[in-house]
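Scroll down for the structure; my scribbles are underneath it.
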Amino acid sequence: MAKPGVVTCPGCGARVRPAAPGEGTARRRCPKCGERLGAGGAPDDARPRRKKSRRPDPRLRLLLFGGAGLAVFLVCGGGFSFWLYQRLRSDRPSVPVPTSYETFEASDGSFRCDCPAGWKLSVEGIKDHRDLTCTRGGASIRISQGLVGSILGDIAAAGPEDNDPDRAPVARVHEFKRKLVTEQLADYQEERAETVRSGFGPARRSAFTASGFLGRKVRGYRATALGHMTGYDVLCQCPAADWEGLRPVFAHVIESLGSGPGG
């Protein structure tokens, strides 16, 4: 049987004798450069190697999961945004027109008014500076009590007597307060004020239009009434699509505002 041929070292090119029969398959090194040789004298690089299984890169896995999550978020967020946009831009009324009212009376008895039944009520503030808010959907009624309006009314009443309703104390206070609302609501435009009867006597009321959330058009009433020691600012507003149905409701609340047992 032929003796195996001499092996060439892959490191230095030296010729290395084959492994002796007694050496079996022990690994050997080149005597000149120390390069490791395979079993039987064959170089390691010449031996078939088992392919190592590669574990998935955790960064790639994170990237895949992150991309999938982002795609789901964009789809859901886009759908919700479209739904919200359609809801806000809808020309259909969204607030049911109330058919009955509940009487609200301040804890100190300073004022009272009718509020639409089923609307959410909240009261904040202290004596002579209370805020009553009624809300339902996108509609709201806010009645703010304060001393400033009454003081301004007293100052206006100190002038020469004038039977012109546009120059009455409540009319002057109403016009003075207009600037404050203009700063609160975007694109605020107000119609000519009119005098109406309230529980406090003559009150002034103006219809207005403005821009609300996401440019949504709103309609409403701004009103002013003067009590014995305090003044009252009323701001009623709703989406433009609900204006025709809620306009008489707002008017009723304004006209019902008056003195309570302690006023």
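The values are calculated or read from the model by the stated rules, or taken from the named source; none is laboratory data. This is a predicted model, so every value here is computed, not measured. No Cβ is skipped: glycine too gets one built from the backbone with ideal geometry, and neighbour counts run over all protein chains shown.
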### Task
Could you tell me which residue of the stretch 183-235 is farthest from Val249 (Cα to Cα), considering only residues that are hydroxyl-bearing (Ser, Thr, Tyr) and either buried (at least 20 other Cβ atoms within 10 Å of the Cβ) or not assigned by TED's automatic domain parsing to the domain that holds His252 (or both)?
Thr230
### Message
Tell me yes or no: at least one residue of the stretch 208-217 is at pLDDT 95 or above, touching a helix residue (DSSP H, G or I) at 6+ places or on another chain (Cβ under 7 Å) and aromatic (Phe, Trp, Tyr).
### Response
no
### Query
Which strands (runs of 3 or more DSSP E) does the stretch 104-152 wholly contain that include 1 or more residues that are surrounded by 14 or more Cβ atoms within 10 Å (Cβ to Cβ) and at pLDDT 95 or above?
111-116, 129-136, 139-146
### Task
Quickly run through the stretch 219-250 and pick out the residues that are assigned to a strand (DSSP E or B) and touching a residue at least 60 places away in the same chain (Cβ under 8 Å).
Thr224, Leu226, Gly231, Tyr232, Asp233, Val234, Leu235, Cys236, Gln237, Cys238, Pro239
### Task
Within the stretch 197-233, count every residue that is more than 23 Å from Val95 (Cβ to Cβ) and aliphatic (A, V, I, L, M).
4
## Note on the structure
Considering the stretch 153-173, residues that are of a type in the set (Asp, Glu) and modelled with pLDDT of 80 or more, and then whichever is surrounded by the fewest Cβ atoms within 10 Å (Cβ to Cβ), we arrive at Asp164
